[in-house]
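S.K.: I am attaching a structure below and will ask some questions about it afterwards.
Readers should treat all values here as calculations from the given coordinates under stated rules, not as data from a laboratory. Note that the structure is predicted; figures quoted are calculated from it, not measured. So basically every Cβ, Gly included, is an ideal-geometry build from the backbone, and we count neighbours across all protein chains shown.
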Amino acid sequence: MNKNTKPLKYIFENHFHQTWNNIKHKFPKNLHSSIWNNVSKFLDCGDISRGYTAFKCTTCSHMHIVGFSCKSRFCSSCGKIYAENWALKLKDELLDVEHIHATFSLPDGFCRNFFFYNR
């Protein structure tokens, strides 16, 4: 593993293609291309071969290169930024009252499949 490669990216780089062939039947076919595109964006995030911005220090002439981000919600770094921006926007729309956040999950079966396929 490259010292700069994050663990999640390392796992996807080395295991996604093989695993995808074994699990893709669990997802609706109309989502396959979206899943594949988001994983590909995530894997290419920050790769300077896909484009970059260079900054040069005016004092020492040191060049700092930053690869373009993917801006995918799936990406562990870009998705965090997306979620933070969404939360800040949502904060302005909510009433200033105490509230409780609840998350519901559904067991496997008709209801879960209904919501999964009819988003």
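S.K.: When residues of the range 5-38 are filtered for being within 15 Å of residue 69 (Cβ to Cβ) and assigned to a loop (DSSP other than H, G, I, E, B), how many remain?
M.R.: So the answer is 1.
S.K.: Filter the range 39-96 for residues that are aliphatic (A, V, I, L, M), assigned to a helix (DSSP H, G or I) and over 21 Å from residue 17 (Cα atoms) and give the result. Don't jump to the end; show me each part of the working.
M.R.: Step one: filter the range 39-96 for residues aliphatic (A, V, I, L, M), giving 39, 43, 48, 54, 63, 65-66, 81, 83, 87-88, 90, 94-95.
Checking which are assigned to a helix (DSSP H, G or I) leaves us with 39, 43, 48, 81, 83, 87-88, 90.
The answer is 48, 81, 83, 87, 88, 90.
S.K.: Can you tell me how many residues within the range 1-54 are among the polar types (S, T, N, Q) and in contact with a strand residue (DSSP E or B) (Cβ under 6 Å, 6 or more places away or on another chain)?
M.R.: Taking the range 1-54 as the starting set, the residues that turn out to be among the polar types (S, T, N, Q) are 2, 4-5, 14, 18-19, 21-22, 30, 33-34, 37-38, 40, 49, 53.
Keeping just the survivors that are in contact with a strand residue (DSSP E or B) (Cβ under 6 Å, 6 or more places away or on another chain) gives 53.
Within the range 1-54, residues that are among the polar types (S, T, N, Q) and in contact with a strand residue (DSSP E or B) (Cβ under 6 Å, 6 or more places away or on another chain) number 1.
S.K.: Among the listed residues 80, 89, 71, 41, which satisfies the condition of being under 28 Å from residue 31 (Cβ atoms), out of contact with any Leu (no Cβ under 8 Å at 6 or more places or on another chain) and exposed (fewer than 11 other Cβ atoms within 10 Å of the Cβ)? First the steps, then the outcome.
M.R.: On the way: 80 fails: exposed (fewer than 11 other Cβ atoms within 10 Å of the Cβ); 71 fails: exposed (fewer than 11 other Cβ atoms within 10 Å of the Cβ); 41 fails: exposed (fewer than 11 other Cβ atoms within 10 Å of the Cβ).
Just one listed residue meets the conditions, 89.
S.K.: Still on this structure, please answer the following. Only one of these conditions is not met by residue 61: (1) on the phi > 0 side of the Ramachandran plot; (2) surrounded by 11 or more Cβ atoms within 10 Å (Cβ to Cβ). Which number is it?
M.R.: Evaluating residue 61 over (1) on the phi > 0 side of the Ramachandran plot; (2) surrounded by 11 or more Cβ atoms within 10 Å (Cβ to Cβ) leaves (2) as the failure.
S.K.: Now for a different question. Under 7 Å between Cβ atoms, which residue pairs at least 6 apart in sequence (or on different chains) link something in the range 97-113 that is within 15 Å of residue 27 (Cα to Cα) with a partner that is assigned to a loop (DSSP other than H, G, I, E, B)?
M.R.: Correct list of pairs: 112/106.
S.K.: Still on this structure: If you check residue 61 against the conditions, is it under 18 Å from residue 6 (Cβ atoms) and either of a type in the set (Gly, Ala, Ser) or touching a residue at least 12 places away in the same chain (Cβ under 8 Å) (or both)? Spell out how you get there, then give the answer.
M.R.: Details: under 18 Å from residue 6 (Cβ atoms): no; either of a type in the set (Gly, Ala, Ser) or touching a residue at least 12 places away in the same chain (Cβ under 8 Å) (or both): yes.
For residue 61, the condition - under 18 Å from residue 6 (Cβ atoms) and either of a type in the set (Gly, Ala, Ser) or touching a residue at least 12 places away in the same chain (Cβ under 8 Å) (or both) - is not met.
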